[in-house]
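Data first, discussion second: the structure below is written as structure tokens.
Just so you know, all these numbers are worked out from the coordinates, no wet-lab data involved. Just so we're clear, the structure is a prediction, and the values are computed from it rather than from any experiment. Heads up, the Cβs are rebuilt from the backbone with ideal geometry, glycines too, and the neighbour counts pull from every protein chain shown.
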Amino acid sequence: MRIVMIGTGYVGLVSGICFSDFGHDVVCVDKDASKIKRLNAGEVPIYEPGLEDLMSRNVDAGRLRFTTDLAAALKGAQAVFIAVGTPTRRGDGHADLTYVMAAADEVARAVEGPVVIVTKSTVPVGTNRKVAEVIRAANPTLDFDVASNPEFLREGAAIDDFMRPDRVVVGVQTERAGQIMADIYRPLFLREFPILVTDLESAEMIKYAANAFLATKITFINEIAALCEAVGADIKQVSRGIGLDNRIGNKFLHAGPGYGGSCFPKDTKALARIGQEHGRPMRITETVIEVNEDAKRRMIDKLRDLCGGSFNGKTVAVLGVTFKPNTDDMRDAPSLTIVPALVGGGAKVRVTDPQGRHEGEALLPGVTWCDDAYAAAKDADLLVILTEWNEFRALDLGRIAGEMATRHMADLRNIYSVDDARDAGFDAYVPVGRAAMN
Ligand code: NAD
């Protein structure tokens with residue numbers, strides 16, 4: 001199978017590399033010449049564990065190429081995947097489809113049929129039909145089908161998620177497109193991973209419903225955590241107690257500083273917008289969006305309390321700025337709300353992150369970057385754990401406390417406990433949804 005993947009971001013690059021690993025002949029195309037240059041030099045422009053090795057294996061096998069030349073890439077293609085960004089449109093929360101439609105138009109002008117044009121980007125219900133209209137308008141005689149194939153991979157575990165998915169969702173209108181998609185995903189089908197074939201609208205809807213549900217689950221537990229603090233319950237025990245119920249499940253029940261990342265914030269906003277446009281307000285999702293903003297504000301209040309009511313003149317060490325561990329992605333990370341509040345309040349902020357500095361430097365002005373947690377915490381008045389990278393889970397807390405000016409810790413990921421903090425010599429320790437020491 002000859003596949004073209006448009007967009008070499010977190011989704012396009014992982015999908016393209018994994019498809020080549022299935023044995024398909026894949027050309028990845030991006031408009032960003034610097035990304036393509038790095039890829040052609042064997043370098044992966046994002047941080048995703050295992051991706052560089054998998055890429056080089058498939059490049060060496062002659063199944064995987066990178067180019068900026070879409071027209072050349074399209075020669076002989078049987079399937080073209082669109083995996084470009086769909087960020088929030090300024091002003092109204094709608095998903096910005098400019099990149100998707102531009103890619104569809106470019107493909108239509110250069111491709112020879114028969115071909116299946118597959119939207120992998122997360123797009124509002126009805127978009128695949130609009131993609132078909134754009135293609136028809138640009139090339140009325142082209143023999144093509146469209147397909148919707150939303151992606152569910154998680155950054156940081158993307159290869160495993162792609163290779164061992166809970167399910168693959170494929171929305172099609174024709175048997176011919178269904179057959180091509182089945183051929184593409186045959187290695188997964190043979191290993192009995194569920195492949196769900198639906199109509200276009202249902203496939204598009206599944207992606208938004210899944211992300212909104214997950215965002216709701218996180219937000220629910222964060223709200224329960226706030227109540228736990230007020231009533232003296234422990235969110236870790238509560239999460240375990242409800243998660244053991246199979247109808248609820250134990251995933252996504254970790255209280256923290258509010259969800260962030262490249263998907264949940266924009267997809268919840270887009271779903272809310274879709275609901276408004278169709279006269280069916282998504283009231284739960286709208287509330288989730290609001291409560292999540294409150295969760296981030298609540299974290300800032302916690303930090304301010306730990307600083308004695310004002311950040312002014314305090315030195316705050318922040319461990320982790322990416323929206324979750326094992327990625328360099330900073331899009332909508334809680335750090336982008338919390339760190340500016342610290343800086344704006346007059347704190348000297350020292351940050352460290354195993355992979356976030358490259359992206360974070362431009363996004364977090366006014367902070368000092370440190371090589372590790374120990375350097376960040378030296379002489380600080382407050383230690384804030386914001387992202388639960390493995391290397392922050394096993395810190396020598398005694399050494400850290402010993403070098404701080406004021407021994408206060410805010411553990412916004414609940415990776416330590418009051419006992420850990422007390423044993424290490426901290427004078428104050430504030431987690432999320434659990435008993436604090438202060
Ligand atoms: P990204 O911003 O990392 O990458 C998009 C890439 O597309 C960029 O490299 C950009 O240069 C390229 N591009 C844009 N227009 C182009 C064009 N016309 N021709 C060639 N290249 C073009 O985005 P991402 O995080 O990979 O997300 C892509 C889509 O997948 C989004 O709709 C997103 O919602 C969805 N998604 C993302 C994730 C995730 O974890 N990041 C997971 C599931 C779904």
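Calculate, for SER34 and ALA230, the FRET efficiency according to 1/(1 + (r/R0)^6) with r their C-beta to C-beta distance and R0 45 Å; round to the nearest 0.05.
The calculated FRET efficiency here is 0.35.
Full extension from ASP305 to GLU201: what is 0.36 nm times the residue separation minus their Cα-Cα distance, to one decimal in nm?
32.6 nm
Based on the Cα coordinates of the chain, what is the per residue volume of their convex hull in Å³?
149 Å³
Out of all DSSP beta bridges with both ends in the range 2-198, state the antiparallel percent to the nearest 5. All intermediate terms of the calculation are to be shown ahead of the outcome.
On the way: 3 of 29 bridges.
Once the DSSP bridges in the range 2-198 are tallied, antiparallel ones form about 10 percent.
Where in the range 50-85 does the label zone of ARG109 land, with the point 7 angstrom along Cα→C-beta and an amide N cut-off under 12 Å?
Of the residues in the range 50-85, 70-71 have backbone N under 12 Å from the label point off ARG109.
Starting from 0.36 nm per residue, how many nanometres of slack lie between ARG164 and LYS378 once their C-alpha separation is accounted for? Each step should come with its number before you reach the end.
On the way: separation 214, 0.36 × 214 = 77.04 nm, distance 4.27 nm.
Full extension of this stretch gives 72.8 nm more.
Hey, for a label at ARG399 modelled as a point 7 Å past Cα toward Cβ, could you say which residues of the range 368-389 have their backbone N under 15 Å away?
371-379
Counting pairwise Cα distances across the range 2-198, what percent come out greater than 25 angstrom?
31 percent
Using the Cα atoms as the points, what is the convex hull volume per residue of the range 227-287 in Å³?
Spelled out: Cα convex hull of the range 227-287, divided by residues, is 116 Å³.
Assign unit charges at the C-beta atoms only (+1 for Lys and Arg, -1 for Asp and Glu), then state the dipole size of the chain relative to its Cα centre in Debye, rounded to the nearest 20.
Approximately 480 debye in magnitude.
Report relative contact order for the range 103-145 in percent, whole number only (criteria: Cα-Cα under 8 Å, sequence separation at least 6).
64 percent
First measure r as the distance between the Cβ atoms of ASP183 and HIS358, then evaluate 1/(1 + (r/R0)^6) with R0 = 30 Å and state the FRET efficiency to the nearest 0.05.
Values: r = 38 Å, r/R0 = 1.27.
So the FRET efficiency works out to roughly 0.20.
What order do you get for 339-351, 11-23 when each peptide is scored by the mean count of other beta carbon atoms within 10 Å, highest first?
11-23, 339-351
Compute the semi-axes of the equivalent ellipsoid of the range 90-196, taking the square root of 5 times each eigenvalue of the Cα gyration tensor, and list them largest first in whole Å.
Here the semi-axes work out to 25, 20, 11 Å.
Once both labels are modelled 7 Å past Cα along the beta-carbon direction, what's the ARG283-GLU133 spacing in nm?
If labels sit at ARG283 and GLU133, their model points lie 3.2 nm apart.
P(r) for the range 234-438, please, calculated from all Cα pair distances in 10 Å bins and given in %.
Histogram of Cα-Cα distances, whole percents per bin: 9, 33, 35, 17, 5, 1.
What helices does the chain hold that run 24 Å or longer along their axis, going by alpha-carbon atoms, with a Kyte-Doolittle average of -0.5 or more, using DSSP H for the helix calls?
200-231
Roughly how many nanometres apart are two label points built 7 Å out from the Cα toward the Cβ at ARG57 and MET437?
4.6 nm
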